[in-house]
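The next block holds one structure in the form of structure tokens; read it before the comments.
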Amino acid sequence: MFNAIVFPLGWVFILKGMIGIFAVWGCFAGAEVLTLILIACVSAKKLGHFPKSLYDMLFIKSELSCGKTMSVSIKAFNEVSGISEKIQIFCSSSGIDKKKSYAAGLCVEEMTRNALHNTKSKHSPSVDIFVSCEENNVTIRIRDNTTEFDPKTRLSAFDPCDPCKNIGIRIVSGIAKKMNYQSRFGMNVLSIEI
């Protein structure tokens, strides 16, 4: 509302006496600047410090800032099958034990398949996978532009008559120490700590 109505109208009233009709054109640029300042101020108040990155401004925790990292992008369903092995090899080479390496690969494959399977959008799907290994901990972030898909919501839809329903999500939930889902600007972001 501020970006579309309040800020542009404010700029028109302020600038119209100074520059006339050009105030209408200048109001849009001014409104964008005021919106960014407002976002930065709200972020600073909520965080307790001035935002240092886009992650701070969007209130997305950056869990992937430490240790060894790996990133992979997937555009098609047939690319998912080999990702599990790549994640396992990366985790093992980063000093993660065999069991956690396997669990990380399984989590990535299951959640990536779910994201691609549930897409209903007209544009081509894109899934970005980030993996961070530090000491014996693995943090996974899966970001996609597919249909909004909160695994925690699906997990609560457990049907005792159909024990296979959402089994992949139940397995990942059982493996994960912590699982966090956010939907921001048409992007799904799922963070998993193992």
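The values are calculated or read from the model by the stated rules, or taken from the named source; none is laboratory data. Predicted, not measured: the structure shown is a model, and the values here were computed from it. We place every Cβ from the backbone using ideal geometry, glycine too, and count neighbours over all the protein chains shown. All accessible areas refer to the heavy atoms of the entire protein, side chains included, with ligands and DNA or RNA removed. Shrake-Rupley method; radii C 1.70, N 1.55, O 1.52, S 1.80 Å.
Among the residues of the stretch 82-125, those that are touching a Phe, Trp or Tyr at 6+ places or on another chain (Cβ under 8 Å) and either open to solvent by 80 Å² or more (accessible area, probe 1.4 Å) or at pLDDT below 90 (or both) comprise R113, N114, A115, L116, H117, N118. Applying the condition of being under 17 Å from R141 (Cβ atoms) and among the aliphatic types (A, V, I, L, M) to the stretch 72-81 and asking which residue is modelled with the highest pLDDT yields V72.
Give the residue, chosen from N137, N166, that is modelled with pLDDT of 80 or more, surrounded by 15 or more Cβ atoms within 10 Å (Cβ to Cβ) and more than 19 Å from the chain's Cα centre (by Cα).
N137
Contact map, the stretch 173-192: residues that are within 12 Å of P151 (Cα to Cα) and open to solvent by less than 20 Å² (accessible area, probe 1.4 Å) paired with residues that are among the acidic types (D, E) and not in a strand (DSSP E or B), Cβ distance under 9 Å, separation 6+ or inter-chain. Pairs shown: N188/E148; N188/D150; L190/D150; S191/E63. When every residue of the stretch 146-153 is checked against the conditions, none turns out to be modelled with pLDDT of 90 or more and either part of a strand (DSSP E or B) or surrounded by 13 or more Cβ atoms within 10 Å (Cβ to Cβ) (or both). Would you say I19 is in contact with a helix residue (DSSP H, G or I) (Cβ under 9 Å, 6 or more places away or on another chain) and modelled with pLDDT under 85? When the stated conditions are applied, I19 passes them.
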